[in-house]
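Here is the structure we will look at, set down as structure tokens.
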Amino acid sequence: MSDVAANDTFRHPSFWTGGTLRSFAAALLVLLAARLAWGWHFAAKVRAHVDASRARGEPVSVADVKFPDLPDSDNAFAIFVNAYAARAAGVDSPRSSVLEYADYPPYGPEWVQLAERSEAMNAKAFALARKARAVPGARVRAKFDADLRAPIKGLNDVRLLAERLNDGAQFMELRGDHVEAVGRLRDMLHVARAVRQDPSLACQAVAAGVDESACYRARVIGPGLRLRPADPRAAQVRAAVNELISDLLDERALADGLARALYADRIALTEQVRRSGAERWAIRPLAESQIAHEWAAFPSWIDAARARDWPAAKASIDRLLVASRNHVAEDRPLLGWLAGTGVTDRLSRYSRWFWEGVPYDRAIEKGFRTIAERRVTAVLLAMQLFRADRDRWPARLDELVPAYLNGVPGDPFRAGAPPVGYVVLPKALRNGGDRPLVYFDHGSADPVDPRAWREPMYDW
């Protein structure tokens, strides 16, 4: 039949009478009933997950995400923002400049000149940052914004302030004011502590970056600190180092901050999907289906964020792969069968029009790396105290307990978090001195290769 003939058939009045019209009406009713039943099914699943989360005391709506009502004088984040605003315009510290240099001394005269000018011109900013350290509470935002693309005002300013504090710590160590050098590192850790109080993944990422930067700088300046009892200011420097070690090993806020950020992210993404689904009534159940799937998977993300070690966290994350396959098999039987054959790997994911999911595993692994940075830094500082007292490196890390550490920190990358690894490589330095190494074991039979390091190394 030609296209013209077919069109004439549909336009003929007799085609739309009697049984044909009733058949079309019945088909439309069946489709409407299927759509309503489909929507009811997934809406009920979402309600069940939300009710279960609420019963566990978890935030489930925008109204549940609350921020403390703090005046600026009691808000460490606001003080840090003001500190950055008080910086001298146009005065770069080395890290904010275009100067290229090795990230350990000696830096050269250009580095010293930049750092010296930053120190002289940014005295007010550094004083405000020190004032903020005495303020435990922080509020980054006045209210929760479910739009994950919305910028967080002041966050980048505080990150840039931490860079100036980093350079200031190194400059103070080179100038011989070791108490102030350690104080700047503690200020940096408090920047991270303040930022981490906001339940957003962006803030958790910035806090982790500041933490790791402070830890690296502590490891660089550690060997030069005046810690020997004969030094006139040794007692003050040692007291500051002990306080820094205590700060580094206080991990209470890390897992809690990440978990709160995950809860807030779940709320924001749910709102985003629902807004998008409301504009597409016919396929809105696909949005509810994806919300139900993500909420069902969420306890595993939280378990991973709060796990004792990365292997335990990874096990929780791996369980999500099984849950994802079960989600396909349960809610779409045909796709479930196809998933078992591998066919769905080659199909477009029309069920994910509203939400592709978020790779929270990266944020969780980053959390364990931050813990590792802090622990190894605390150990290395304790080793410097030990060496200053006994003129040798400890043969084993348990020699640091209890005089320098309450216990040897665990390796977060090994199951059960056994103590971090430690070895002294005899005559491994260029000057013939012994080289102590603290390391994390990723399963290698010989994790330390003494041939790999012939220049200063402060990373792990």
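The values are calculated or read from the model by the stated rules, or taken from the named source; none is laboratory data. Just so it is clear, the structure is predicted and the values come from calculations on it, not from any experiment. Cβ sites come from the backbone with ideal geometry, for glycine too, and all protein chains shown count toward neighbours. The area values use the complete protein model at the heavy-atom level, side chains included, leaving out ligands, DNA and RNA. Shrake-Rupley method; radii C 1.70, N 1.55, O 1.52, S 1.80 Å.
Take every Cα-Cα distance within segment 62-151, group them into 10 Å bins from 0 onward, and report for each bin the whole-number percent of pairs it holds.
Cα pair-distance distribution for segment 62-151, in percent: 15, 30, 28, 19, 7, 0.
Share of segment 73-117's accessible area from carbon and sulfur, percent, 1.4 Å?
Looking at segment 73-117 in its full context, I get 49 percent from C and S.
For segment 152-209, just say rounded, prolate or oblate: build the C-alpha gyration tensor, square-root its eigenvalues into a ≥ b ≥ c, call rounded for a/c under 1.5, and beyond that prolate if a/b exceeds b/c, oblate if not. Don't skip to the end; give the middle numbers.
On the way: a/c = 3.59, a/b = 2.45, b/c = 1.46.
Verdict is prolate for segment 152-209.
Using the Karplus equation 6.51 cos²θ - 1.76 cosθ + 1.60 (θ = phi - 60°), what ³J(HN,Hα) coupling, rounded to whole Hz, does each residue of segment 98-113 give in order, writing x for Gly and Pro?
Ordered by residue, 3J(HN,Hα) equals 9, 5, 9, 7, 5, 8, 7, x, x, 9, x, x, 5, 4, 4, 5 Hz.
Given 4 °C and 1.567 mPa s, how large is the Stokes-Einstein diffusion coefficient of segment 180-256 in µm²/s, with Rh as the Kirkwood radius over Cα pairs?
98 µm²/s
Once phi is turned into ³J(HN,Hα) by the Karplus curve 6.51 cos²θ - 1.76 cosθ + 1.60 with θ = phi - 60°, what whole-Hz value does each residue of segment 428-437 show in order, with x for glycine and proline?
Couplings: 8, 7, 4, 7, x, x, 6, 10, x, 10 Hz.
What is the sum of charges, Lys and Arg at +1 and Asp and Glu at -1, for the other residues whose Cβ falls under 12 Å from the Cβ of residue 223? Before the final figure, lay out each step's value.
Working: positive: 219, 226, 387, 435; negative: 173.
Net charge in that neighbourhood comes out at +3.
Could you go through segment 262-274 in sequence order and give the Karplus-derived ³J(HN,Hα) for each residue, using 6.51 cos²θ - 1.76 cosθ + 1.60 with θ = phi - 60°, rounded to whole Hz, and x for Gly and Pro?
My calculation for segment 262-274 gives 5, 4, 5, 5, 4, 5, 5, 5, 4, 4, 5, 5, 5 Hz in order.
Give the average over all directions of the projected area of the C-alpha convex hull of segment 373-446, one decimal, in nm².
The orientation-averaged projected area of the Cα hull of segment 373-446 comes to 5.5 nm².
Using a cut-off of 20 Å between alpha-carbon atoms, which lysines can reach residue 143, once sequence neighbours fewer than 8 places away in the same chain are excluded?
By straight Cα distance, residue 143 reaches 66, 153.
Treating segment 218-310 as a set of equal point scatterers at the Cα positions, no solvent, please give the Debye-formula log₁₀ I(q)/I(0) at q = 0.16, 0.17, 0.22 Å⁻¹.
Normalising to I(0) and taking log10 leaves -0.79, -0.83, -1.05.
Using a Förster distance of 22 Å, how high is the FRET efficiency between residue 274 and residue 303, based on the Cβ-Cβ distance and rounded to 0.05?
My answer for the efficiency is 0.30.
Would segment 116-220 count as rounded, prolate or oblate if I go by the C-alpha gyration tensor, calling it rounded below 1.5 in a/c and otherwise prolate when a/b exceeds b/c, oblate otherwise? Walk me through the numbers before you get to the answer.
On the way: a/c = 2.27, a/b = 2.01, b/c = 1.13.
Judged from the Cα gyration tensor, segment 116-220 comes out prolate (a/c at least 1.5, a/b above b/c).
Relative to a virtual label point 7 Å from the Cα of residue 431 in the Cα→beta-carbon direction, which members of segment 220-239 show backbone nitrogen distances below 13 Å?
Under cut-off, by backbone N: 223-225.
Computing the accessible area with a 1.4 Å probe over protein heavy atoms, can you report the carbon and sulfur percentage for segment 382-443?
Whole-percent figure for carbon plus sulfur exposure: 46.
Please list 85-91, 190-196 highest first by mean number of surrounding beta-carbon atoms within 10 Å per residue.
So the order, starting with the most tightly packed, is 190-196, 85-91.
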